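**Student:** Right, I'll just put the structure down here and ask away after.
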Amino acid sequence: MSQPRGGLAAGQASSLSISWRARAVGERLGDRGFRLLTRTAALSVLGLMAALVFAMTWAALPSLNAFGWSFLVTSTWDPVAENSGALPFVYGTVYFSILALLMAVPLSLGAAIYLAELAPLWIRPPIAFLIELLAAIPSVVYGLWGIFVLAPWLRTWVQPALATWLGFLPLFQGPPYGVGMLAAGLILAIMIVPFITAVSREMLLAVPNAQREAALALGATRWEVTRIAVLRYGRSGLIGAVLLGLGRALGETMAVTMVIGNRPEISLSLFAPGHTMASIIANEFTEATSDLYLAALSEIGLLLFLVTVAINALARLLVWSVGGAVKEVRE
């Protein structure tokens, strides 16, 4: 006996409903699995950072117990005699980073303003590409150029001239070695210029066109539009770009190690050799012969890590503040 037509239609509808429910359950399970996978990936990054901090703190524990807070204010570095202080390295890191920023920031902001506001449209992409290409050059190449080209040039021409004309200032006193704080600052400035320029350019391009149009409607000149409407609106992002460059400068190792002179002393002279937290670790970690020596270097690494993370976090907050303000204006 043949099945009634109504019963056949009801059976097909029931099978379609079961199939749809099975597919919906499968999709929900897939969504949950994908969400769990991505959440695990995100939390693993935080876990890796926490593990890194724990490992470095554990490695630095003997130094923390032996020297305490005096490690940060002691200028003697004699780990063989178990008398170690990180003050020369902290001073050298801060000194040459500020020196690099003083040279790099005006050039970087000027290039960013030109590329974002003043340059013809056809020339902006190639110049921006060439500037960003500088960031892809390995730091050891910069170091080699600093040793064979920059240091002899500074020793032969620049430092003697500075000593002759400005030798009455503490910044320009001492023998012209070529290598030293000035060479390290110049190398680092060249290395962070493309980084600060690229981020600053993006911050300026993120400024709404309504700001520029309003200033032009009030009769402002091109420079007044840039100064009042663009730079003032995006100054938080520009400060964030500079701080990101500072974070990049603090952790630079190879190029700076090759041209800074590597002498743990505190001096105001730009001609004097120096040391940084990154360079002392690179130079002496393989030569550390005792547990306390290794712990002292690990404590320097922990300090460098904390300072770099804090500066980069502050820079990101400033950059995000500009992005949030632009989003509110557009909405």
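**Student:** Considering only the stretch 76-91, state which residues are touching a helix residue (DSSP H, G or I) at 6+ places or on another chain (Cβ under 7 Å), touching a residue at least 24 places away in the same chain (Cβ under 8 Å) and open to solvent by less than 30 Å² (accessible area, probe 1.4 Å).
**Tutor:** Pro79, Ser84, Ala86, Phe89
**Student:** Give the residues of the stretch 97-137 that are under 17 Å from the mean Cα position of the chain (by Cα), open to solvent by less than 40 Å² (accessible area, probe 1.4 Å) and over 22 Å from Val179 (Cα atoms), sorted by residue number.
**Tutor:** Filtering the stretch 97-137 down to residues under 17 Å from the mean Cα position of the chain (by Cα) leaves 97-105, 108-109, 131-137.
Cutting the leftovers down to open to solvent by less than 40 Å² (accessible area, probe 1.4 Å) gives us 97, 99-101, 104-105, 108, 131.
Val105, Ser108, Ile131 - these are the residues of the stretch 97-137 that are under 17 Å from the mean Cα position of the chain (by Cα), open to solvent by less than 40 Å² (accessible area, probe 1.4 Å) and over 22 Å from Val179 (Cα atoms).
**Student:** Further question: Spot the failing condition for Ile190; the list is (1) within 19 Å of the chain's Cα centre (by Cα); (2) open to solvent by less than 40 Å² (accessible area, probe 1.4 Å); (3) among the hydrophobic types (A, V, I, L, M, F, W, C), and only one is missed.
**Tutor:** All conditions pass for Ile190, except number (2).
**Student:** Can you pull out every residue in the stretch 55-75 that is part of a loop (DSSP other than H, G, I, E, B) and either open to solvent by 60 Å² or more (accessible area, probe 1.4 Å) or under 15 Å from Ala288 (Cβ atoms) (or both)?
**Tutor:** In the first step, residues of the stretch 55-75 are kept if they are part of a loop (DSSP other than H, G, I, E, B); the result is 73-75.
Listed by number, the residues that qualify are Val73, Ser75.
**Student:** I've got another one for you. For the stretch 266-292, which residues satisfy the criterion of being within 26 Å of the chain's Cα centre (by Cα), part of a loop (DSSP other than H, G, I, E, B) and under 19 Å from Asn83 (Cα atoms)?
**Tutor:** Residues satisfying the conditions are Ile266, His275, Thr276.
**Student:** Checking Ala295 against (1) at pLDDT below 90; (2) outside any loop (DSSP other than H, G, I, E, B); (3) in contact with a Pro (Cβ under 8 Å, 6 or more places away or on another chain), which single condition isn't satisfied?
**Tutor:** If we test Ala295 against (1) at pLDDT below 90; (2) outside any loop (DSSP other than H, G, I, E, B); (3) in contact with a Pro (Cβ under 8 Å, 6 or more places away or on another chain), just (1) comes out false.
**Student:** Within the set of pairs 6 or more residues apart or between chains, which connect a residue that is on the phi < 0 side of the Ramachandran plot inside the stretch 148-176 to a residue that is outside any loop (DSSP other than H, G, I, E, B) and open to solvent by 80 Å² or more (accessible area, probe 1.4 Å) with Cβ atoms less than 7 Å apart?
**Tutor:** Pro176/Arg155
**Student:** Given the conditions (1) in a helix (DSSP H, G or I); (2) open to solvent by 40 Å² or more (accessible area, probe 1.4 Å), which single one is not true for Leu154?
**Tutor:** The number of the failed condition is (2).
**Student:** Looking for whichever is among the aliphatic types (A, V, I, L, M), out of contact with any strand residue (DSSP E or B) (no Cβ under 8 Å at 6 or more places or on another chain), assigned to a helix (DSSP H, G or I) and at pLDDT 75 or above here; the options are Leu29, Leu8, Leu36. Which one fits? It would help to see each step written out before you state the result.
**Tutor:** Numbers: Leu29 fails: at pLDDT 75 or above; Leu8 fails: at pLDDT 75 or above.
Every option except Leu36 fails the conditions.
**Student:** Take the conditions surrounded by fewer than 17 Cβ atoms within 10 Å (Cβ to Cβ) and either outside any helix (DSSP H, G or I) or at pLDDT below 90 (or both) and apply them to Val94. Does it pass?
**Tutor:** Numbers: surrounded by fewer than 17 Cβ atoms within 10 Å (Cβ to Cβ): yes; either outside any helix (DSSP H, G or I) or at pLDDT below 90 (or both): yes.
So Val94 passes the test.
**Student:** Listed residues Ala163, Ala214; which is modelled with pLDDT under 90 and open to solvent by 30 Å² or more (accessible area, probe 1.4 Å)? Spell out how you get there, then give the answer.
**Tutor:** Numbers: Ala163 fails: modelled with pLDDT under 90.
Result: Ala214 is the single residue among Ala163, Ala214 that is modelled with pLDDT under 90 and open to solvent by 30 Å² or more (accessible area, probe 1.4 Å).
**Student:** Which residues, taken from the stretch 258-268, are open to solvent by 10 Å² or more (accessible area, probe 1.4 Å) and not charged (D, E, K, R)? Explain how you work it out, then say what you get.
**Tutor:** Within the stretch 258-268, the first condition is being open to solvent by 10 Å² or more (accessible area, probe 1.4 Å), and the residues that meet it are 258, 261-268.
Residues satisfying the conditions are Met258, Gly261, Asn262, Pro264, Ile266, Ser267, Leu268.
**Student:** Given the structure, is Thr226 touching a residue at least 12 places away in the same chain (Cβ under 8 Å), polar (S, T, N, Q) and either touching a Ser or Thr at 6+ places or on another chain (Cβ under 6 Å) or surrounded by fewer than 18 Cβ atoms within 10 Å (Cβ to Cβ) (or both)? Quick ask: steps written out before the conclusion?
**Tutor:** Numbers: touching a residue at least 12 places away in the same chain (Cβ under 8 Å): yes; polar (S, T, N, Q): yes; either touching a Ser or Thr at 6+ places or on another chain (Cβ under 6 Å) or surrounded by fewer than 18 Cβ atoms within 10 Å (Cβ to Cβ) (or both): no.
So Thr226 fails the test.
**Student:** Kindly indicate whether Gly245 is over 22 Å from Ala198 (Cα atoms) and at pLDDT 85 or above.
**Tutor:** no
The values are calculated or read from the model by the stated rules, or taken from the named source; none is laboratory data. This is a predicted model, so every value here is computed, not measured. Every residue, glycine among them, receives a Cβ derived from its backbone with ideal geometry; neighbour counts consider all protein chains shown. Keep in mind that these areas ignore ligands, DNA and RNA; they rest on the heavy atoms of the full protein, side chains included. Shrake-Rupley method; radii C 1.70, N 1.55, O 1.52, S 1.80 Å.
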